[in-house]
Structures are given as structure tokens and as C-alpha cells.
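A.B. asks: My structure is below; once you've seen it, I'll send some questions.
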Amino acid sequence: MKLSCQGPIARLAFSLFLFCTLARSQQAAAPLPTFESASVKPASPDAPMEGLGFMIALGRAQTPHGLLTMTGPLPPLIMFAYGVDDEVEARAMRARLPDWGQHQKYTIVARPPEGSQSMEDIRLMLRNLLEDRFALKAHRENHTGMVNLLSVARPGATGPNLKPHETSPGCIKPGTPVPETVAGKPSPVLCGLQINRREGGIMHVSMIDVTLPEACTLFDGLGGVLGGRGMDRMVDATGLTGHYDMTLDFQIDEANAPQTTSDGGAPTFTGALEKQLGLRLKKGTGQIEDLIVDHIAQPTAD
């Protein structure tokens, strides 16, 4: 049977084809947002790192506004620009950079366009700057590797410090302006992760309104303070769905063996995980995504 290109079905199919092709073309051609102005200059090796706090606040940063002044080496800039929030992935990415790319510090002064921007806008502007001034080219790659699988220690039960998140009162989402504290009223609660060090070297970790996969990412972002778990990536295998609040108190332990108590008698991260959250880590294999830097060069002059 000979098909006609003149019928209504054929015309509709052809129109849809043109529409989808045009949409994909426009999406692919959409430029990244840019800073209104930006300056990149080498900084001295002993220059203090500054202006990077919003990049490494582990899920609870507020969107910066106005002129940005950032001093530091390239790895944290690349991590933020490409959404690398996993310490294991970050270490692998840093190791692939040339020596100057790992250690040379730069001062970047950049002005976003007027008006409010989201954190994602700032991220894309910085990515555009790195690609333009440092000729940075990168891609993501998946592979199978060793991971720490986070599972429930006892089926059907969780620990006392892991509770389903209550929607009321709500918490303030990352990137949302934090209202001023009013005398006589409780301070606003921030979603995501908060961490502080207490007496005796005890780390107190609090996570509000997070899923278990998000908790794994936040734990990975803590990096070396989670002694006792090695440095493999953490992957959620709990089967728990929904959003949770959790707190964890543990002794920093530099050892990589999965002991449950430190030399001081306090629980290590591994021990606290099981006793306080009812969760357990075990070695396994899983899919890992890494950022691969294909090319980077010394920055062009201002």
C-alpha cells in the first residue's frame, strides 16, 4: 500500500516531528546564564579562603546576593558549578586535575544580574565562567564500584533518633531567605543538615526533612569526619521511603575499621548509626557517577 503525505494523520505526524526537533534544538542551544561582569586573578598561596561558604554548606546554604568575592583553589568551585556534593566523587575529580588546578588559588569577583537569582542560577553562571575563562570541559560517567550500602539493621524497626518528618511546623528550605529571629519566639528551623562539634570531640549531626538517599549524600559530603566507614560512597538500600528527621552523636575516629566504639568509649559513626538510627553499613557494589574533567587551562587574562 502506498502511503500519502497529504492526509491529515501524515500532516499531524510531520508537524509533531518538526515541533519536537525545534524544541530539542532550542534546548540544546540555550546559553547558560552569565555574570554581568567577572574578574579572575591568581591569589597568593597563603591567601585565606573566603566567600565559598554558600558552596559547601551541605544542603542548607542561602542564595548569595550582590557582588560575589571568592578566593580559593579550583576544586570547590568546580564541585559547586557541576553539582558534586559527594566527598568521594570530589576526591576522584581533584586527583585528575593538573597540579596547578589542585593547588593554585584564584580570586574571582563576579556580579550577577540585578534582581533575585536562585542558587541554580549562581551555579550555572559559575559553570559558564569556568568554561569560558579556564576552557573547562567536563562530562559525567557511570561505572560499577565499591560502595557502602546503608540498610536497616533489624527489619521492621528503626532507631530512636530516626523519625518521620512532621510537616508542621515546617522548616526553611535551602536557598530560602531566613527570617530574623524574634525575641520570645523559637529560632527558625533549617531543612537539611546542621553539624557542630561538642565537648570531648563529639560530633552532633542533625538532618531535617531529608530522604534516605539525600542523607547518604549528606553523610558522604562530611568526608573524613566519619571515621570508621572507609571512604567508599554511601548508597541507600534501606527501602525506607518518605522524609525523615534524624540526629546522630559520635566520636570522630580516623581509623577505617568498622569498630562500634572509639578508644574513648564513645560510639563511632558506625556504632552510632546502628544504635541511634537503627541502620547499618555493609560493603557492596553499586552504580557510581563521576565528574570527568576532559580539559582545563590556565585562565585567560581579564
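Values quoted throughout were computed directly from the atomic coordinates according to the rules given, and no laboratory measurement underlies them. Being a predicted model, the structure only gives us computed values, none of them experimental. Positions of Cβ are generated from backbone atoms using ideal geometry, with glycine treated the same way; all protein chains shown enter the neighbour counts.
A.B. asks: Determine, from the Cβ-Cβ distance of residue 301 and residue 137 and an R0 of 22 Å, the FRET efficiency 1/(1 + (r/R0)^6), rounded to the nearest 0.05.
C.D. replies: 0.60
A.B. asks: Something else: Short version: ³J(HN,Hα) in whole Hz for each residue of region 138-143, in order, from phi by Karplus 6.51 cos²θ - 1.76 cosθ + 1.60 (θ = phi - 60°), x for Gly and Pro, what are they?
C.D. replies: In residue order, the calculated couplings are 8, 8, 9, 9, 9, 7 Hz.
A.B. asks: What does the extension gain come out to for residue 96 and residue 120, with contour length at 0.36 nm per residue minus their alpha carbon separation?
C.D. replies: Values: separation 24, 0.36 × 24 = 8.64 nm, distance 2.55 nm.
Fully extending the segment from residue 96 to residue 120 adds 6.1 nm.
A.B. asks: Sequence-distant or interchain residues sharing an amide H contact under 5 Å with residue 43, placed H: which?
C.D. replies: Distant-sequence amide H within range of residue 43: 105, 106, 107.
A.B. asks: If you don't mind, there's one more thing I want to ask. Using amide H atoms built 1.01 Å from N in the peptide plane, name the residues 5+ places from residue 148, or on other chains, whose amide H lies under 5 Å from its own.
C.D. replies: When sequence neighbours closer than 5 places are left aside, the close amide H contacts are 233, 234, 235.
A.B. asks: Would you please state the base-10 log of I(q)/I(0) at q = 0.17 1/Å for region 39-132, with intensities from the Debye formula using one equal scatterer on every alpha carbon?
C.D. replies: -0.74
A.B. asks: If Lys and Arg each add +1 and Asp and Glu each add -1, what is the summed charge of the other residues whose beta carbon sits under 14 Å from the beta carbon of residue 84? All intermediate terms of the calculation are to be shown ahead of the outcome.
C.D. replies: Numbers: positive: 91, 94, 96, 123, 127, 140, 233; negative: 85, 86, 87, 89, 141, 220, 289, 290.
Overall, the nearby charge balance is -1.
A.B. asks: A follow-up question, please. Calculate one ³J(HN,Hα) per residue across region 122-131 by plugging θ = phi - 60° into the Karplus curve 6.51 cos²θ - 1.76 cosθ + 1.60, and present them in order as whole Hz with x for glycine and proline.
C.D. replies: Residue by residue, region 122-131 yields 4, 4, 5, 5, 5, 4, 4, 5, 5, 5 Hz.
A.B. asks: OK, next. Please sort by residue number the GluC sites (Glu not before Pro) in region 90-164 whose DSSP state is loop and whose Cβ has at most 10 other Cβ atoms within 10 Å. Can you show the working numbers first?
C.D. replies: Details: sites: 114, 120, 131, 141; in loops: 114.
Here the GluC sites (Glu not before Pro) that fit, given the DSSP loop and packing criteria, are 114.
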